[in-house]
Structures are given as C-alpha cells and as structure tokens.
C-alpha cells in the first residue's frame, strides 16, 4: 500500500498496482457504478478517482440538479441536448490505451467530437477504437449548468 497525503488534511491508503494492470485496455466499459452521496471522500477517491473509474452519484444531493433531468432521456445520455448546449466546449480526454510518462496520454477535443466517439464506441464491438475517457475537468467548467 502507498500512502498519499493531501494538504495534511486527509491521508489515503492506495493499493499499488502492477505495471500490467496499468497498461490494461478498457474493460467493463458498459458497467458504471452507482454510489450514494453519503460516501466518504477516502472511499470515493480509492474506488473511483484514483483509477479513473466512472460512477453516478445518486441521492438527495443530486435530485434537483439540472443534469439529472435535462441531460438524461429514457435512462441514457441525451446526446443531442448535451451537444447543443456544450458541443463547442473543449474538454480534456485521456486515451487509456496510450501512456505518456506513466500516465494516460491526454488531449483537448470538442465535446461534440467526444460524443460522436462515445455513440460510435457504444454501437460497435469496441475492438477497433481507442478507449477514451472524458476527464473530470469537464464538470468543473459546467458546474453552473448542473
């Protein structure tokens, strides 16, 4: 285990992974975890942030967010709405299949391009497309829209 201190406020226990784990291609891309808003930060960091694993936060904290009602249609992302509102925004995207100094290679692309990729990736067997991950900085830029 590796201990990481964060501004002397919280100390986290992070499991050290092998090199083969960090180079693995995307797996279980159709599985997104759900968590409640009452999760402790230490647990949230270990389960989701540290490994760049997506999750959906549910509970009373999110019930009045616009993103819960406007960004979702029939339980799936409302791609046309999101593209209309935010499509021209540049967003950071990590390529999980490429490493740059032991981290995923990252680039900025338009959200509309990422949404096209996502729809294409979801409709195919995934074998011919890279595994791209929309990084969390997107949420910071859109917080007033949530």
Quick check on region 19-37: of everything there that is over 21 Å from residue 132 (Cα atoms) and outside any loop (DSSP other than H, G, I, E, B), which residue is modelled with the highest pLDDT? 35
Tally up the residues in region 38-63 that are outside any helix (DSSP H, G or I) and either farther than 24 Å from residue 86 by Cβ or in contact with a helix residue (DSSP H, G or I) (Cβ under 8 Å, 6 or more places away or on another chain) (or both), please. 11
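The values are calculated or read from the model by the stated rules, or taken from the named source; none is laboratory data. For clarity, every value in this text was computed on a predicted model and none was experimentally measured. Neighbour counts are summed over all protein chains in view; Cβ atoms, including those assigned to glycine, are modelled from backbone coordinates with ideal geometry.
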